[in-house]
1. So residue B:236 fits all but one of (1) at pLDDT 95 or above; (2) part of a helix (DSSP H, G or I); (3) more than 14 Å from chain A (Cβ to nearest Cβ); what number is the exception?
2. Can you name every residue in the range B:134-148 that is part of a loop (DSSP other than H, G, I, E, B) and within 29 Å of residue B:236 (Cβ to Cβ)?
3. Whether any residue in the range B:188-211 is away from chain A (no Cβ under 14 Å), among the polar types (S, T, N, Q), surrounded by fewer than 23 Cβ atoms within 10 Å (Cβ to Cβ) and touching a strand residue (DSSP E or B) at 6+ places or on another chain (Cβ under 9 Å) is what I want to check.
4. Consider residue A:74 carefully, then state whether it is in contact (Cβ under 8 Å) with a residue 60 or more places away in the chain, closer than 20 Å to residue A:117 by Cβ and hydroxyl-bearing (Ser, Thr, Tyr).
5. Take the conditions farther than 27 Å from residue A:110 by Cβ and surrounded by fewer than 22 Cβ atoms within 10 Å (Cβ to Cβ) and apply them to residue B:81. Does it pass?
6. For the range B:124-160, what are the residues that are within 14 Å of another protein chain (Cβ to nearest Cβ), within 17 Å of residue B:226 (Cβ to Cβ) and crowded, with 19+ Cβ neighbours inside 10 Å?
7. Mind checking which residues of the range A:26-67 are of a type outside the set (Lys, Arg), within 11 Å of another protein chain (Cβ to nearest Cβ) and touching a Lys or Arg at 6+ places or on another chain (Cβ under 7 Å)?
8. Among the candidates B:61, B:40, single out the residue that is touching a Cys at 6+ places or on another chain (Cβ under 8 Å), in contact (Cβ under 8 Å) with a residue 24 or more places away in the chain and within 19 Å of residue B:104 (Cα to Cα).
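The values are calculated or read from the model by the stated rules, or taken from the named source; none is laboratory data. Treat the numbers as computed from the prediction; the structure is a model and nothing was measured. Cβ coordinates were reconstructed from backbone atoms using ideal geometry, including for glycine residues, and neighbour counts include every protein chain displayed.
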2 protein chains.
Amino acid sequence: MKDPRRFTPKQIRALIRKGTWDKPTSGLAMGYAQANLVVLPKSYAFDFLLFCQRNPKPCPLLEVLEAGRYRTESLAADADVRTDIPRYHIYRKGRLEEPVKEIKRHWKDDFVTFLLGCSFSFEEALLRAEVPVRHIEENRNVPMYVTNIACKPAGIFRGPLVVSMRPIPSEKVARAVQITSRYASVHGGPAHLGDPSKIGIKDLGKPDFGEPVTIREGEIPVFWACGVTPQAVVMEAKPDLCITHAPGHMFISDVLNEELATF
Amino acid sequence: MKDPRRFTPKQIRALIRKGTWDKPTSGLAMGYAQANLVVLPKSYAFDFLLFCQRNPKPCPLLEVLEAGRYRTESLAADADVRTDIPRYHIYRKGRLEEPVKEIKRHWKDDFVTFLLGCSFSFEEALLRAEVPVRHIEENRNVPMYVTNIACKPAGIFRGPLVVSMRPIPSEKVARAVQITSRYASVHGGPAHLGDPSKIGIKDLGKPDFGEPVTIREGEIPVFWACGVTPQAVVMEAKPDLCITHAPGHMFISDVLNEELATF
């Protein structure tokens, strides 16, 4: 098989649709934005859209499809959100069922689809500027922490901000802030940097999600709002039904990361 | 009476609430962001919120209040959107009734309030950088034009992008782009600059709204997405009921224009 990093988004979506690719999508179709998926029945859609509007850093909306629609318009042509993600999680009243490879048979006409930006986009920009991304170097999942910062609630949706952490050499922190600030639609600039206790994190060695990474002498922990936030908030609200991508198994769009940068 | 430009937003809102100030708000509480108002029954709220999410340049949301709520949270403390705007327009099925000075007696528990950014914020930044703003110099209303660019539709809401135009000396155009790009939540960078016919404008001397302004030798017409867009789109959709501010009679927030700048 050809190096999957070199496939176009369209080629990878076709492989995923056929069930040939059911693994995580990290590193695939380099340069193109990947997206988180949240599908909710219409009755929850206004509140969740409002939650995203009020909390754009953890919940950067890339595209929202109206009730019943499963074809993206701005993120990709010829894509079907019911089949083009390698693995889905279905939650009923907050309880996770067995992961599935497509959701066609679960689909209903009142389902509203939300696609949210993902930090893969700005990590690529950091690496291009030779800002190290430790969890990639150490081949781990990024460490994530629940903070004491409350998101602005909307309807039934409420909960704390979850952040991801990347240790950055102090001489490169300003550059890391500048680069990620360009990507407002994929979490944007850091939510916090420096002392973790200021945002309620007790021990960087014990992340709430993901895996710990090495922090070297002279490095500052830098925290970005994380896409796990909306997932945690939705799970906490226990809607009758919610479908998401399985962690790491994202929707691959036709939009270049560079197109998401503000200027 | 003290110079109204020097009043605090809270002081002006109190005067407006009492009915003492019922004139346009341009130039009041310099430095503070003013906002456009759109109130719709809950049945239209998801579609309108989605329209704004899909068209952030003409529809930059500053705050959305859930059904029945009339007190702002992030834009101002102790403000009531039913009384704190000098003049309101009420439309029933797209038909304008007599302007009113408060909407308390019209208020219903299913009303959802949208407050949208206004170009007053970036004009102040342009003036501070000595970029001329012609309609202010000539004491006219900004010229606005209906373009041939379609907004992305959402539910019943659809229509063309409306732009405002400011002629800028060519040596200051780059600066004008840089400055306004910082204000993504108040229309952001230009939607177009140069040849008006490229966006379907036939005659700059005949704006669709507002008044024409002088364009001098060596100046380039620069076009920004305009807050009239959502108003025109809502009117076109003819909802059972819609309440807006009367043109020029805005909501004055406690948020500094500078706080709206991205970085």
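1. Every condition holds for residue B:236 apart from (1).
2. B:140, B:141, B:142, B:143
3. no
4. Criteria met by residue A:74.
5. So residue B:81 fails the test.
6. The answer is B:151, B:157.
7. Of everything in the range A:26-67, just one residue is of a type outside the set (Lys, Arg), within 11 Å of another protein chain (Cβ to nearest Cβ) and touching a Lys or Arg at 6+ places or on another chain (Cβ under 7 Å), namely A:67.
8. B:40
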